[in-house]
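Heads up, the thing below is written out as structure tokens.
The values are calculated or read from the model by the stated rules, or taken from the named source; none is laboratory data. The structure presented is a predicted model; accordingly, all values stated were derived computationally and were not measured. Quick reminder, even Gly has a Cβ in these numbers, built from the backbone with ideal geometry, and neighbours come from all protein chains shown.
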Amino acid sequence: MYGSREGQMRVIEAIIATAILAIAMMAAMNVTRSPNPYLSKTRNELVRYCYDFLLRLAESESFDKIVFFNGSLRYGWEGLMRVTLNSLLPAGSLYNMTVYNVTYTGDSVQQEILNGDIITNSASPANFASAKEVAAADVTYTTRRFWILRIHLEITRG
């Protein structure tokens with residue numbers, strides 16, 4: 001009589017242990033893999049697009065033409081950059097751009113923000129915070145007048 005009860009308890013213990021093991025394995029699989037492989041693929045494509053876009057602007061010397069006029073900073077160049085980005089980036093893209101002037105003094109590198117106005121088409125930073133995928137790229141560009149610019153661009157799909 002006691003033998004059959006012990007056998008039943010062993011079977012119940014084995015079922016519970018198997019269920020715990022299956023739950024632990026499923027949890028481990030969900031933690032170790034990307035929950036949505038489509039998003040990680042599109043994010044990588046968006047990062048690549050961001051770099052390609054900045055490099056195309058650099059190759060066409062657009063930064064020289066937009067930011068500078070006769071060797072000095074153009075007044076209101078931020079608005080001209082905003083118009084350029086609005087016309088070249090795909091519809092529905094949100095972007096933020098910051099341009100830094102880089103100077104080398106001795107062994108240190110100094111960076112100062114060159115744009116006085118915000119270069120963006122986004123209404124608020126919350127748009128970027130709520131976006132599923134945001135890509136950013138930094139490109140260092142030397143102008144014809146030997147200004148060294150670091151351009152930081154963030155893009156997301158709206």
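Annotation note: of 32, 42, 105, the sole residue that is more than 30 Å from residue 132 (Cβ to Cβ), out of contact with any Phe, Trp or Tyr (no Cβ under 6 Å at 6 or more places or on another chain) and at pLDDT below 85 is 105.
Residues considered: 82, 74, 157, 144. Of these, the only one that is of a type in the set (Lys, Arg), surrounded by fewer than 17 Cβ atoms within 10 Å (Cβ to Cβ) and touching a Ser or Thr at 6+ places or on another chain (Cβ under 8 Å) is 157.
If the condition is being loosely packed, with under 10 Cβ neighbours inside 10 Å and closer than 15 Å to residue 73 by Cα, then the range 89-115 contributes only 112. Considering each residue of the range 119-136 in turn, none proves to be out of contact with any Lys or Arg (no Cβ under 9 Å at 6 or more places or on another chain), within 18 Å of residue 72 (Cα to Cα) and at pLDDT below 90.
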